[in-house]
Amino acid sequence: MNKAQKIKLKREQDTILREGKEYYDEGQHFEAHNYISRKLKEFSEIDHLKKLSDSFAIKQLSSLVSNKIEAYEDTINLLYPLRDAKHPPGAPLEETLGNLASAYKGLWLQKGDKDLAKEAAYCYEKGFQRTKGYWTGINAATMFAVIGQKAKSIKYTKSAIASVQRKLRAGIKEHKERYWATATLGEAYLLSGDQKQAIKYYDAAYKLYEKMKGLKFQPLSSSSRQLRILQQHNIKVPDEILKKFKPHKVVLFAGHMLDKKGSGKTRFPQELENLVRQEIKNKLEDINP
């Protein structure tokens, strides 16, 4: 591959990563999946661009997207071969091992197979051992609690707290990461049985969530799911936390056109518009007071 082709390869990779991430950040996960798949297929016909399908960074983004659309087997197929591979700059090892573990966790939640929960726990453990990142550390702690390995859960709970504290001392600039770091402390203290500290840090995390800009349902949704997992496995979660981290409710609307004047048909008379509008408003308030 000559120099111009290498430059072209790098430019196309950066474009796929940037635009795919934009779709992802906007919550358009199926669009992100379709965009990445379409671009890789398009470039598979061009010799010097075929290598894009081998990009660690693109595989990591693809796996992140696949997990969001619950295509967990796709993530496993993408990342399992990379779990022991040397990772290039810009493609953190924790992303590979964490996303792989998340896929096993997602499959476990779907199928209820405890072997999948064990696989998730061991992948998170491996991720923490090799990277010391609090994301894999706290998930290892929770998943070991799920599968009944209390000693390991306690070990990784303490490790996750220490990892977050190191991060906070070093300074976290990005607002969203401050949310995750603070929520991690809340989860760790729940696992430790210290409800007072858990309430303190979940309250702080929620305040950070409220200050987030743009589409922001994903952090709250993820934390809510994690809290439900803890509850279902005999970890006490105070009501003060559950009230703040309620799952989002989704409302699907089906529209109906107003009757046109002089149409001769009566299906949705225009004089009923305000009545129907108020009824919809009442229903929405019932769903989410």
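Based on the Cβ-Cβ distance from Ile154 to Glu31, what FRET efficiency comes out when R0 is 35 Å, to the nearest 0.05?
Given R0 = 35 Å and the Cβ-Cβ separation, E is 0.25.
For the peptides 176-183, 10-17, what is the packing order when you average, over each peptide's residues, the other Cβ atoms within 10 Å and list the highest mean first?
176-183, 10-17
Suppose R0 equals 51 Å; then what is the FRET efficiency for Gln129 and Gln278 from their Cβ-Cβ distance, rounded to the nearest 0.05?
Here the calculated transfer efficiency is 0.30.
In the chain, carbon and sulfur make up what percent of the accessible area (probe 1.4 Å)?
For the chain, the apolar C and S fraction of the accessible surface comes to 51 percent.
Would you mind telling me which residue in Lys50, Lys155, Lys260 has the biggest mean-square fluctuation in a Gaussian network model of the chain, where springs connect alpha carbons within a distance under 10 angstrom?
Lys260
Hey, if you drop one equal point scatterer on each alpha-carbon of the stretch 31-98 and run the Debye formula without solvent, what base-10 log of I(q)/I(0) do you get at q = 0.18 Å⁻¹?
Listed by q, the Debye log ratios stand at -0.68.
For Rg and Dmax of the Cα atoms in Å, which listed value, (i) 23.0, 76; (ii) 19.1, 61; (iii) 19.6, 68, comes from the coordinates shown?
Derived directly from the coordinates: (i).
Which three extents, in angstrom, do the Cα atoms of the stretch 211-260 have along their principal axes, listed largest first?
If we take the Cα atoms of the stretch 211-260, the spans are 58, 26, 16 Å.
Once the principal axes of the Cα atoms of the stretch 106-232 are found, what is the range along each, listed largest first in whole angstroms?
Per principal axis, max minus min of the Cα coordinates gives 39, 28, 28 Å.
Report the gain in length on full extension from Glu271 to Lys21: 0.36 nm times residue separation, minus Cα-Cα distance, nm rounded to one decimal.
Answer, rounded to one decimal: 85.4 nm.
Could I have the simple spin-label model distance between Asn2 and Asp203, label points 7 Å from Cα toward Cβ, reported in nm to one decimal?
In this crude spin-label approximation the distance works out to 6.6 nm.
Given a 1.4 angstrom probe, what's the average accessible area per residue across the chain, in square angstrom?
Using a 1.4 Å probe on heavy atoms only, each residue of the chain averages 59 Å².
Per the helix-only calculation at 222 nm, which mean residue ellipticity applies to the chain, given -39500 (n - 2.57) for every DSSP H run of n ≥ 4 and division by its residues, nearest 500 deg cm²/dmol?
Mean residue ellipticity at 222 nm (helix-derived): -23000 deg cm²/dmol.
Compare the peptides 232-243, 138-149, 94-105 by average per-residue count of other Cβ atoms within 10 angstrom and give them in order, highest first.
Answer by packing, highest mean first, reads 94-105, 138-149, 232-243.
The values are calculated or read from the model by the stated rules, or taken from the named source; none is laboratory data. Please read all numbers here as calculations on a predicted model, not as lab measurements. Methodologically, a virtual Cβ is constructed for each residue, glycine included, from the backbone with ideal geometry; neighbour enumeration extends over all protein chains shown. Note: areas computed on protein heavy atoms with side chains; ligands, DNA, RNA excluded. Shrake-Rupley method; radii C 1.70, N 1.55, O 1.52, S 1.80 Å.
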